[in-house]
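Notes follow the structure.
Bear in mind that the values in this text are calculations on the coordinates, not laboratory data. Remember, predicted model here, so these are calculated numbers, not experimental data. With ideal geometry, Cβ positions are generated from the backbone for all residues, glycine too; neighbour counts draw on all protein chains shown.
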């Protein structure tokens, strides 16, 4: 029996063609196949194929059998449907047996730990559970996310782990209510988000989610999976709904906030058909010219929203002791100022990390 049967649902792994029932009725009533073919107005060959299970019972034939034997057409169609379903499931199982190695490539242990697939799923059952998780019918419909993201990956990721992480974001976004995308509303939400950076996650997290949703942007935070060194990803789920997915990689607040505003820049500035995945790039790996331009635009957008250009001269002259007061003047977290100074080489990465917070979110 299949796993569905173990859950209390009758799901046989054997197939009984409805033609056997038809053959039994013919024998009970002393009727030949030739006589039945004449009564139904079909060929003897077709009746013989139905009895052997090589031809299916159509709705028209079911109506005819209803009149000949007094059994309802629904009975015949139900038998035919169950028979075809069992045949399809047997064929599916054969396909799934060939995909067991494919299933083993995914971060199965992590998905089980998060309760996303049953802990006892193995073999063919694991293949089916992964297909349900991804919302696809067969393994051939799974695609390498590096292809979808047009090789925008800045460092090498495990494609199977990456696709699982991205799917988690889609599932979280599907639970959210949101308004149609409105660029002006989203920009206002970003301005408000600057000041939220000074508060703790239990304060700013629900407010930021609500503000983004009201502007047509689903913001989800999904803790990273081993093999996915991503800070964030941006894609459009529909023409009226954007998805910004962030991880808690490293958990440093300045990295988190810059990643958020960087992804927001992609939403506001770039085409809806483009998809972006952000992480730290290896020194020996460079994106294509067009991709590099888009990433630089998103970087500049994030930098300018957080610390406007008019403060550049002051920023370059800051000492570490002035970081906190400057951040207070701007209304942003001190770690954001520190991160900017470190990124531009104005302060060493070893200095001032005590003012950087590592946080956990309310649903983490």
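For the residue pair residue 27 and residue 112, what label-to-label distance in nm results when each label sits 7 Å from Cα along the Cα-to-beta-carbon direction?
Between residue 27 and residue 112, the simple spin-label model gives 4.8 nm.
Using only the alpha-carbon atoms, how far is helix 334-343 inclined from the longest principal axis of the chain? Give it as 0 to 90 degrees, nearest 10.
90
Quick one: grab the alpha carbon gyration tensor of region 161-215, order the square roots of its eigenvalues as a ≥ b ≥ c, and give me rounded if a/c is under 1.5, else prolate or oblate depending on whether a/b is larger than b/c.
Details: a/c = 2.22, a/b = 1.39, b/c = 1.60.
Oblate.
What is the P(r) of region 163-268, as percent of Cα-Cα pairs per 10 Å bin from 0?
15, 52, 30, 2
Gaussian network model of the chain, Cα springs within a sub-10 Å range: biggest mean-square fluctuation belongs to which of 243, 40, 82?
Answer for the Gaussian network model of the chain: 40.
What order do you get for 170, 329 when you list them from fewest to most C-beta neighbours inside 10 Å?
Fewest-to-most Cβ neighbours within 10 Å comes out as 329, 170.
May I have the convex hull volume per residue, in Å³, for the Cα set of region 3-97? Don't skip to the answer; put the middle values down first.
Numbers: hull volume 10.1 nm³, N = 95.
Per-residue hull volume (Cα only) is 106 Å³.
Could you tell me the center-to-center distance, by alpha carbons, between region 84-133 and region 47-68 in angstrom?
Result: 35 Å between the Cα centres.
Going by how many other Cβ atoms sit within 10 Å of their own, how do 351, 157 line up, fewest first?
Working: 351 13, 157 21.
The fewest-first ordering by Cβ neighbours comes to 351, 157.
For helix 123-134, report the angle its Cα long axis makes with the longest principal axis of the Cα atoms of the chain; keep it between 0 and 90° and round to the nearest 10°.
Computed tilt is about 60 degrees.
With each run of n ≥ 4 DSSP H residues scored as -39500 (n - 2.57), what mean residue ellipticity at 222 nm is computed for the chain after dividing by its residue count and rounding to the nearest 500 deg cm²/dmol?
Working: 18 runs with 196 residues, N = 364.
Using -39500 (n - 2.57) per qualifying helix, the result is -16000 deg cm²/dmol.
Would you mind getting me the FRET efficiency between residue 328 and residue 210? Use the beta-carbon distance for r and R0 = 41 Å, nearest 0.05.
Values: r = 26 Å, r/R0 = 0.63.
E between residue 328 and residue 210, to the nearest 0.05, is 0.95.
Over region 3-97, what is the relative contact order in percent, taking alpha-carbon pairs closer than 8 angstrom and at least six residues apart? Mind showing how you got there, number by number?
On the way: 73 pairs, mean separation 28.5, N = 95.
That works out to 30 percent.
To check my understanding: the extent here is largest minus smallest coordinate of the Cα atoms along each principal axis. What are those three numbers for the chain, in Å, largest first?
Cα extents, longest axis first: 103, 40, 39 Å.
In whole Å, what are the Cα extents of region 100-142 along the three principal axes, biggest one first?
That gives 26, 19, 15 Å along the principal axes, largest extent first.
If you rank 106, 349, 133 by fewest surrounding Cβ atoms within 10 Å, what's the result? Each step should come with its number before you reach the end.
Details: 106 23, 349 12, 133 16.
Fewest-to-most ranking of 106, 349, 133: 349, 133, 106.
For the chain, give the share of DSSP beta bridges that are antiparallel, in percent and rounded to the nearest 5; count only bridges with both residues there.
The antiparallel fraction comes to roughly 65 percent.
Using only the alpha-carbon atoms, how far is helix 18-28 inclined from the longest principal axis of the chain? Give it as 0 to 90 degrees, nearest 10.
Its long axis makes an angle of about 20 degrees.
Using a 10 angstrom cutoff on alpha carbons, build the Gaussian network for the chain and name the most mobile of 110, 344, 191.
Ranking 110, 344, 191 by mean-square fluctuation puts 344 first.
Can you tell me which of 210, 182, 312 moves the most in a GNM of the chain? Springs connect C-alpha atoms under 10 Å apart.
312
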